[in-house]
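In what follows, a structure is listed as structure tokens, so that the remarks can point back to it.
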Amino acid sequence: QKEVEQNSGPLSVPEGAIASLNCTYSDRGSQSFFWYRQYSGKSPELIMFIYSNGDKEDGRFTAQLNKASQYVSLLIRDSQPSDSATYLCAVSGGYNKLIFGAGTRLAVHP
Amino acid sequence: DTAVSQTPKYLVTQMGNDKSIKCEQNLGHDTMYWYKQDSKKFLKIMFSYNNKELIINETVPNRFSPKSPDKAHLNLHINSLELGDSAVYFCASSPIKSTSGGKFFGPGTRLTVL
């Protein structure tokens with residue numbers, strides 16, 4: 001069983017819509033959760049992190065965490081073509097390491 | 001200024017060769033990592049060093065040997081390269097006491113083994 005699972009996509013949304021990206025994880029003891037954005041041929045870039053159950057908002061991005069359901073999501077409001085990228089969900093493991101999902105490819109079309 | 005840098009950016013080599021990838025960070029972070037991203041974009045940790053001390057060594061063939069001469073540098077040496085080693089290798093760093101725990105990634109080294 002994979003430790004962090006994401007739908008590979010592609011998730012296609014029209015410009016201006018809300019993109020919803022989902023992630024589930026297997027380790028109930030995980031404490032920290034991260035969303036990275038990776039453009040094609042580039043390195044991952046941290047865009048959001050969340051520790052507590054509930055929502056955390058930063059600009060157009062909202063991370064949602066439900067530890068009971070072992071579920072993390074990322075909402076992108078007012079999606080722009082520049083948001084088209086692969087979004088990687090990551091969960092903290094021991095020794096400060098991150099365990100990544102395979103990523104969801106998001107395509108925002110004009 | 002580049003925060004985490006890696007050299008080379010591209011590396012094409014024959015099977016059986018030995019090669020090294022270098023990484024440097026100027027963020028003053030205590031911890032550095034090597035991650036491997038395969039063709040399916042799956043990013044997996046290989047090693048982690050904290051102040052030159054190895055703290056994470058995932059199930060990686062012993063052909064891979066990390067070396068940290070100081071806390072700003074973490075190099076990766078690979079012996080007897082195999083076709084399956086073809087991937088993008090990312091170096092990353094993070095402070096040991098981070099409010100986010102997030103990692104800063106270098107630009108990656110695309111290794112192609114022929």
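The values are calculated or read from the model by the stated rules, or taken from the named source; none is laboratory data. All of these numbers come straight from a predicted model, not from anything done at the bench. Note that we place each Cβ from the backbone using ideal geometry, even for glycine, and neighbour counts take in every protein chain shown.
Does at least one position in the range B:84-103 carry a residue that is outside any loop (DSSP other than H, G, I, E, B), closer than 26 Å to A:Ser92 by Cβ and either modelled with pLDDT under 90 or basic (Lys, Arg) (or both)? Write out each step before concluding.
Of the residues in the range B:84-103, the ones outside any loop (DSSP other than H, G, I, E, B) are B:84-85, B:87-94.
If we keep only those that are closer than 26 Å to A:Ser92 by Cβ too, we end up with B:87-94.
Then drop every residue that is not either modelled with pLDDT under 90 or basic (Lys, Arg) (or both), which leaves B:94.
Checking the range B:84-103: at least one residue is outside any loop (DSSP other than H, G, I, E, B), closer than 26 Å to A:Ser92 by Cβ and either modelled with pLDDT under 90 or basic (Lys, Arg) (or both).
If B:Asn26 passes every condition in (1) within 24 Å of A:Ala102 (Cα to Cα); (2) polar (S, T, N, Q); (3) surrounded by fewer than 16 Cβ atoms within 10 Å (Cβ to Cβ) but one, which one does it miss?
The single condition B:Asn26 does not satisfy is (1).
Out of curiosity, is A:Arg37 of a type in the set (D, E, K, R), under 27 Å from B:Ser39 (Cα atoms) and in contact (Cβ under 8 Å) with a residue 24 or more places away in the chain? Reasoning before the result, please.
Numbers: of a type in the set (D, E, K, R): yes; under 27 Å from B:Ser39 (Cα atoms): yes; in contact (Cβ under 8 Å) with a residue 24 or more places away in the chain: yes.
In short, yes.
Residue check: is B:Ser68 under 13 Å from the mean Cα position of the chain (by Cα) and more than 27 Å from A:Gln6 (Cα to Cα)?
Yes: the conditions hold for B:Ser68.
When the range A:49-72 is examined, which residues are found to be touching an Asp or Glu at 6+ places or on another chain (Cβ under 6 Å) and under 15 Å from A:Val91 (Cα atoms)?
Answer for the range A:49-72, where residues must be touching an Asp or Glu at 6+ places or on another chain (Cβ under 6 Å) and under 15 Å from A:Val91 (Cα atoms): just A:Gln64.
Six or more apart or on different chains, Cβ under 8 Å: which pairs go from a residue in the range B:73-90 that's away from chain A (no Cβ under 14 Å) to one that's assigned to a helix (DSSP H, G or I) and at pLDDT 95 or above? Could you list them?
Close Cβ pairs (under 8 Å, with a partner that is assigned to a helix (DSSP H, G or I) and at pLDDT 95 or above) amount to B:Ile78/B:Asp85.
Could you say which residue among A:Pro44, A:Pro10 is closer than 30 Å to B:Arg110 by Cα, within 14 Å of chain B (Cβ to nearest Cβ), touching a residue at least 60 places away in the same chain (Cβ under 8 Å) and in contact with a Leu (Cβ under 8 Å, 6 or more places away or on another chain)? Break it down into steps so the answer makes sense when it comes.
On the way: A:Pro44 fails: touching a residue at least 60 places away in the same chain (Cβ under 8 Å).
From the options A:Pro44, A:Pro10, the qualifying one is A:Pro10.
Condition first: assigned to a strand (DSSP E or B) and basic (Lys, Arg). Now tell me which residues in the range B:15-62 satisfy that. Before the answer, list the steps.
From the range B:15-62, those assigned to a strand (DSSP E or B) are B:19-25, B:31-37, B:43-50, B:53-57; that's our starting set.
Matches in the range B:15-62: B:Lys19, B:Lys22, B:Lys36, B:Lys44.
Taking the stated definitions as given, is B:Ala92 of a type in the set (Gly, Ala, Ser), closer than 14 Å to A:Ser43 by Cβ and buried (at least 21 other Cβ atoms within 10 Å of the Cβ)?
yes
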